[in-house]
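Working notes, beginning with the structure itself.
The values are calculated or read from the model by the stated rules, or taken from the named source; none is laboratory data. Not measured: the values here are computed from a predicted model. Please note: Cβ atoms are built from the backbone with ideal geometry, for glycine as well, and neighbour counts cover all protein chains shown.
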Amino acid sequence: MAQAPYLAAPLDQAFAANDAGAALSLAVFADRPHVLAQLREDAVNAGYYVTSSQGVAALVSGDAHPLGEVIVFDCPTADGAALAALARLDMRVHQSGAHLIVSTTMEALDAVFGCVDQSGAQLLVDPARTDFVLALGRVRALAPSHAVRELAEADRFALMRLTEQVEAIAQRLEGLQRDGDTALRSPAVAFTGSSESEAALLRPAQAALPHARVVRTILRQRQQRARYFGADLFSDPAWDMLLDLTAARGENKRVSVTSLCIAACVPPSTALRWISQMIACGLFTRVEDQSDRRRAFIELTDAAADAMARYFTAIEDAPAQPI
C-alpha cells in the first residue's frame, strides 16, 4: 500500500514565516474527542496556529494533510493501525525537520517507543495539561533552530534542568489548588553530567564491572532514602538509570524503556526526557528487538560501561558503598 502523502505541504514556507515572527503551525491527531479538544485549546492558548485537528485515521486516508512545524499525536493504546500511522509519521517528521509530540500511556509505552526512532519525538506518558504545555514550551525554546541535535551538549542539559524546575513549580501549584497542601518540597536535583572529556570516556576500563548483585544492593539502598526523606529530595534519574543498566549488563538482561522509566524513580515523561539526552550524549544506546521490530531496548554504550567500571575501581577502597 502506498504511503499517504500527508506531509505534502511546503514546510519551508512555514519555517520562513516563523523566522519572521509568525506563530508556529501545529496539527493535532487524536481519536479521543475530549483529548482532541483539550490539546487544540491548549495549543491555541500557548500561541500556536492550529492547522488541523482530526482523528488518527486522517493520517492514512490518502488525502494530503499540511501538518506544519509541530505535530501532536495521541496514542493511548498499542493499536496496530495507530502504531503503523505513528511509525510512518515518525519517518516523515524526521525528513521534514518538524517536531513531534506523542501522548501515550504506561501500558502502550514500549510499543510507542518502538515506533519512534528517527524524529526525536517528545514522549508524554499519561500527561497532565501541564506536561503538554511544557512540551510546547520546549519546542518554542528550540525555535528557530527546529532541532535538538543542533544544540550543544551543555545547552541540552541546561534546557533539561530548566524544564524540570518549571515542571516542579507547575506540579506544586496544581497540588495547592487541588487540596490546599502547604508543605514545602525541594525541586528535583538534575544530573549535571560528567566533567570528563569525551576522549576520557573512551579509555579502556582497568577493571570489570562490579557484580550485578552489588549494584542492585546500591539501588535498593538509594530507594530506601525515600522512606525517610521523601522521593524528591534525592532525585537523580540519570544515575539511577546508569546503575540499573549496569546491573542488567552483568545479568545479561535486556531493559525495556518502561522498566527503565520505573528505575529512574521520577514521572515517566521526565524519565523519557533523560533517556533521550543520555542517548544523545553517548551513554545509552537504543537496540532494536530482532524478534519483534516493534520493540526496542535500552543498553549502556561501551563507553558508558567503561566509565562505570573505572568509577567502581576508583572507589573500591572507600569504606562505604557508593549510593
- line: Taking segment 94-113 and keeping only residues that are under 24 Å from residue 23 (Cβ atoms) and free of Cβ contacts under 8 Å to residues at least 60 places away in the same chain, one is left with 94, 99, 100, 101, 102
- prompt: Do the conditions hold for residue 297, that is, is it part of a loop (DSSP other than H, G, I, E, B) and in the same structural domain as residue 217 (by TED's automatic domain parsing)?
  reply: no
Subset of segment 23-70 [under 21 Å from residue 125 (Cβ atoms) and part of a strand (DSSP E or B)]: 26, 28, 29, 70
message: Which numbered condition in (1) touching a residue at least 40 places away in the same chain (Cβ under 8 Å); (2) under 14 Å from the mean Cα position of the chain (by Cα); (3) closer than 19 Å to residue 286 by Cα is the only one that residue 116 fails?
response: (1)
task: Can you confirm whether segment 99-113 contains a residue that is small (Gly, Ala, Ser), on the phi < 0 side of the Ramachandran plot and out of contact with any Cys (no Cβ under 9 Å at 6 or more places or on another chain)?
output: no
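Results for (1) under 26 Å from residue 103 (Cβ atoms); (2) in a helix (DSSP H, G or I); (3) at pLDDT below 95, shown as yes or no for each residue.
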position	(1), (2), (3)
232	yes, no, yes
238	yes, yes, yes
241	yes, yes, no
274	yes, yes, yes
282	no, no, yes
285	yes, no, no
field: Of all residues in segment 254-294 being under 14 Å from the mean Cα position of the chain (by Cα) and of a type in the set (D, E, K, R), the one that is surrounded by the most Cβ atoms within 10 Å (Cβ to Cβ)
entry: 273
